[in-house]
1. Please count how many residues of segment 170-186 are surrounded by 14 or more Cβ atoms within 10 Å (Cβ to Cβ) and farther than 13 Å from T53 by Cβ.
2. Do you know which of the residues in segment 74-98 that are free of Cβ contacts under 8 Å to residues at least 60 places away in the same chain and open to solvent by less than 70 Å² (accessible area, probe 1.4 Å) is nearest to V13 (Cα to Cα)?
3. Do you know which residues across segment 187-210 are open to solvent by 40 Å² or more (accessible area, probe 1.4 Å) and either touching a Pro at 6+ places or on another chain (Cβ under 9 Å) or in a loop (DSSP other than H, G, I, E, B) (or both)?
4. Residue by residue through segment 187-210, note down the ones that are touching an Asp or Glu at 6+ places or on another chain (Cβ under 7 Å) and either β-branched (V, I, T) or on the phi > 0 side of the Ramachandran plot (or both).
5. For A160, are the conditions met, namely being open to solvent by less than 40 Å² (accessible area, probe 1.4 Å), closer than 22 Å to K104 by Cα and free of Cβ contacts under 8 Å to residues at least 24 places away in the same chain?
6. Find the residue count for segment 71-103, including only residues that are under 15 Å from A158 (Cα atoms) and touching a strand residue (DSSP E or B) at 6+ places or on another chain (Cβ under 6 Å).
7. For segment 136-153: of the residues being modelled with pLDDT of 90 or more and among the β-branched types (V, I, T), which is least open to solvent (accessible area, probe 1.4 Å)?
8. Return the total of residues in segment 48-73 being over 16 Å from the mean Cα position of the chain (by Cα), over 17 Å from L29 (Cβ atoms) and either acidic (D, E) or buried (at least 19 other Cβ atoms within 10 Å of the Cβ) (or both).
Amino acid sequence: MATGWFGWQSVKVERTEFGNAVTSMPGWLLPVLLVGFGVAMVTIFKPKLSPYTAPLYAAVEGLVLGAISHLYESRYEGIVLQAVMLTGGVFVIMLGLYSKRIIKVDDRLRRGIFAATGAVMVVYLISMVMRLFGAEIPFIHEASPIGILFSLVVVGIASANLLLDFDLIEKGIENGAPKWMEWYAAFGLLVTLVWLYLELLRLLSKLRSR
């Protein structure tokens, strides 16, 4: 929360005489994004380091989310509060569905969630590469019915990943996992919540742009 506040304050917003918002993003945003990605990769491949890397990842993501949130808020007033409340709501609903065993996490569900998540990552990677050459994947970033449907699907996939996080935590407790697994499980849960929050911001912005 502390780094999130700093990230929020680092975005400069000025209003034109017509009421339009002109934003200035901090120059450190891209390097911090890369640091966050690097810390995440280290945590994934060296999970025993998670007691040190997970808090660092949380601090770095606070900077990034604070800046990005202020950018969205400057364009769509109230959108951040909506996204935060929806993220919390989705978390509670998915936890309830998991704890009541309304949705059971088995190998088939895991494979399906992994495949869907991988597909989304591939689409985003292709989109990033295309942007380097001045092109875009049609529709998915627009406030069109297809773009909104795409965001709804991605929000659903991000929400489903919460089930895997809950399952990892429960299995770790049952199997007497080592202490550092607490941090690794918390890291995984944080990654999913960050992704879900950002996707909800994108979805709400599309809905508000129509």
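1. Of the residues in that region, 6 qualify.
2. G78
3. R210
4. T192, V194, listed by residue number.
5. no
6. Result for segment 71-103: 0.
7. The qualifying residue least open to solvent (accessible area, probe 1.4 Å) is I148.
8. Of the residues in segment 48-73, 2 are over 16 Å from the mean Cα position of the chain (by Cα), over 17 Å from L29 (Cβ atoms) and either acidic (D, E) or buried (at least 19 other Cβ atoms within 10 Å of the Cβ) (or both).
The values are calculated or read from the model by the stated rules, or taken from the named source; none is laboratory data. From a predicted model like this one, the values you see are computed outputs, not experimental measurements. When we count neighbours, we look across all protein chains shown, and the Cβ atoms used for this are built from the backbone with ideal geometry, even at glycine. Ligands, DNA and RNA are excluded from the accessible area calculation, which covers all protein heavy atoms including side chains. Shrake-Rupley method; radii C 1.70, N 1.55, O 1.52, S 1.80 Å.
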